[in-house]
Amino acid sequence: MTDKTSNQMWGGRFAAGPDAIMEAINASIGFDQRMAAQDIAGSRAHAEMLAATGILSDSDATAIREGLLTVLSEIETGNFHFSTALEDIHMNVEARLKEIIGEPAGRLHTARSRNDQVATDFRLWVRDQMDAAMAGIEALQRGFLAQAEAGADWVMPGFTHLQTAQPVTWGHHMMAYVEMLGRDHSRFADARARMNESPLGSAALAGTGFPIDREMTAHSLGFDRPTANSLDAVSDRDFALEYLSCASICAMHLSRFAEELVIWSSAQFRFVRMPDKWSTGSSIMPQKRNPDAAELIRAKIGRIFGANVALMMVMKGLPLAYSKDMQEDKEQVFDAADNLMLALAAMTGMVGDMTANRPAMAAAAGAGFSTATDLADWLVRALGLPFREAHHVTGTLVGMAEARGCDLPDLALEDMQSVHAGITADVFGVLGVENSVASRMSYGGTAPAQVRAQVARWKDRLG
């Protein structure tokens, strides 16, 4: 591309085009070409509105709209040449449109600027990513629901501080992630509703003197309404920051379960087994089955967190309205979106394919004095002890069992009565892990009946 062509793009203000270094730092076509479909959709809506308001002739508008479809087809089939000299996706499309339809292409940019154009394109692209994320979250939720339904009454240890706490059910643990993902879904939905306003027609920063119909273009592009302030519209990137914030929280949840998969698939736990397609071997240790997919999800989450912080840093010092700094908004969001969707897809596959080791989980659930709280609760209910006294009695019995190398159910009744004379044989009815989980019938508890009720609720909600 010649300097003359670049000079034409910038107008008559500059005597010469940018040199190679300036071209390299200024060009965004290397990444913003991903918004080609959104750019062309916005331009088609804009051309239709210009014709409807009498700003553009019907014939010119028709030529523009049809020519843009040709450009889109070339891009989608890989037959489009992207030029860095033309800086961005907007000018690349417009230049090719002019080659196809000639002089009418120059009228497309009437009553708009690249500032409102890119703000519109980027909103459309982020909105699509929000929709994709919500669909991916729902798919993962269904995977967790299937695991929860199958293992609603499988006992396993619940942990605090990664120490055995109380018995829970596999289904209850799976449903915890369904709830987390439900909140992730709602955050994306909430952010999508808030960002669904059209900047198109805000022009460079002050609006336009042409009699445009912003309601028409907004509704044509699926927005709820046009933005109410042109300065804000061209300089706002809250929608991208909200997307990254939602993505970061969702990614954090994925990373937490990835960490559990790493722990659970170890030889020390053996709670789950991952099939070969989600595992790798070792080049030197033939016994190894490494949970690499889970580990990579755990690592990739850092890129999403980093994108969130990076865009905050770009935006934090910018005065109104548009500054070229904002060209740096897209690569971070593109990378975060790619990695979020990859992580969601991989996690959905792993959750669907993992096999829980029920015997290993049951054995672990009964270890570590996991029913100590059940014993304390029984002392309160059956003997009327204040909870603090019941806690002390139970702690003494745990110490006794630990000293003898056995668990609470293995203590003789006489041993228990030596600590508190009121204890009866009925106490053994609460010390088994099956009894423990079955008794947790409070709403949201781990009892199998509660788990099945929550599974049914979520299956109805997801449809």
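The values are calculated or read from the model by the stated rules, or taken from the named source; none is laboratory data. Given the structure is predicted, the values throughout are model-derived calculations rather than measurements. Here the Cβ positions follow ideal geometry from the backbone for every residue, glycine too, while neighbour counts run over all protein chains shown. All accessible areas refer to the heavy atoms of the entire protein, side chains included, with ligands and DNA or RNA removed. Shrake-Rupley method; radii C 1.70, N 1.55, O 1.52, S 1.80 Å.
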Worksheet item: Once fully extended, how much extra length lies between residue 103 and residue 462, figured as 0.36 nm per residue of separation less the alpha-carbon to alpha-carbon distance?
Response: 124.1 nm
Worksheet item: Tell me, what is the per residue accessible area of segment 55-112 in Å², probe radius 1.4 Å?
Response: 46 Å²
Worksheet item: Which percent of the accessible area of the chain is formed by carbon and sulfur heavy atoms (probe 1.4 angstrom)?
Response: 54 percent
Discussion item. Quick check: net charge around residue 108, other residues with Cβ under 10 Å of its Cβ, Lys/Arg +1 and Asp/Glu -1?
Written reply: +3
Worksheet item: When only C-alpha pairs under 8 Å and at least 6 residues apart count, what is the relative contact order of segment 297-406, in percent?
Response: 21 percent
Worksheet item: Taking only Cα atoms, what is the 0 to 90° angle, nearest 10, from helix 114-150's long axis to the longest principal axis of the chain?
Response: 20 degrees
Worksheet item: Between residue 345 and residue 424, what is the FRET efficiency for a Förster distance of 60 Å, r being their Cβ-Cβ separation, to the nearest 0.05?
Response: 0.65
Worksheet item: How many nm is it between the label spots at residue 186 and residue 363, if each spot is 7 Å from the Cα in line with the beta carbon?
Response: 4.1 nm
Practice prompt. Positive end of the charge dipole of the chain (Lys, Arg +1 and Asp, Glu -1 on Cβ, about the Cα centre): tell me which of 398, 171, 347 has its Cα farthest that way.
Written response: 398
Worksheet, complete the sentence: For segment 11-170, averaging the sequence separation of alpha carbon pairs under 8 Å that lie six or more residues apart and dividing by its residue count, the contact order in percent is 22 percent
Worksheet item: Listed highest first by mean packing, meaning other Cβ atoms within 10 Å per residue, what order do 207-217, 318-328, 225-235 come in?
Response: 225-235, 207-217, 318-328
Worksheet item: Helix 89-101 versus the longest principal axis of the chain: what angle, 0 to 90°, nearest 10, using Cα atoms?
Response: 40 degrees
Fill in: Separation of the residue 52 and residue 270 label points, Cα + 7 Å toward Cβ, nm
6.8 nm
Worksheet item: What order do 253, 173, 81 take when sorted by accessible area (1.4 Å probe), most exposed first?
Response: 81, 173, 253
Worksheet item: Any idea what the dipole of the chain comes to, in debye rounded to 20, about its Cα centre with Lys/Arg Cβ at +1 and Asp/Glu Cβ at -1?
Response: 460 debye
Worksheet item: Local charge sum around residue 239 (other residues, Cβ-Cβ under 15 Å, Lys/Arg +1, Asp/Glu -1)?
Response: -4
Response to the item:
Nearest 10, in degrees from 0 to 90: the angle of helix 292-315 to the longest Cα principal axis of the chain is 50 degrees
Response to the item:
Rounded to the nearest 5, the percent of DSSP beta bridges in the chain running antiparallel is 80 percent
Worksheet item: With Cβ to Cβ distances under 12 Å as the rule, what net charge do the other residues near residue 449 carry (K, R +1; D, E -1)?
Response: +1
Worksheet item: Could you give the nm distance between label points at residue 325 and residue 435, where each point is 7 Å from its Cα heading toward the beta carbon?
Response: 6.6 nm
Fill in: Mean Cα-pair separation over length for segment 240-356, i.e. relative contact order, pairs under 8 Å, 6 or more apart, %
36 percent
Worksheet item: Gain in length, residue 37 to residue 414, computed as 0.36 nm per residue apart minus the alpha-carbon separation, to one decimal in nm?
Response: 127.9 nm
Item to complete: Give, in nm to one decimal, the length gained when the segment between residue 66 and residue 443 is fully stretched (0.36 nm per residue of separation minus the Cα-Cα distance).
Response: 129.8 nm
Worksheet item: How large is ³J(HN,Hα), in whole Hz, for each residue of segment 377-384 in order, when computed from phi with the Karplus curve 6.51 cos²θ - 1.76 cosθ + 1.60 and θ = phi - 60°, using x for Gly and Pro?
Response: 4, 5, 4, 5, 6, 7, 10, x
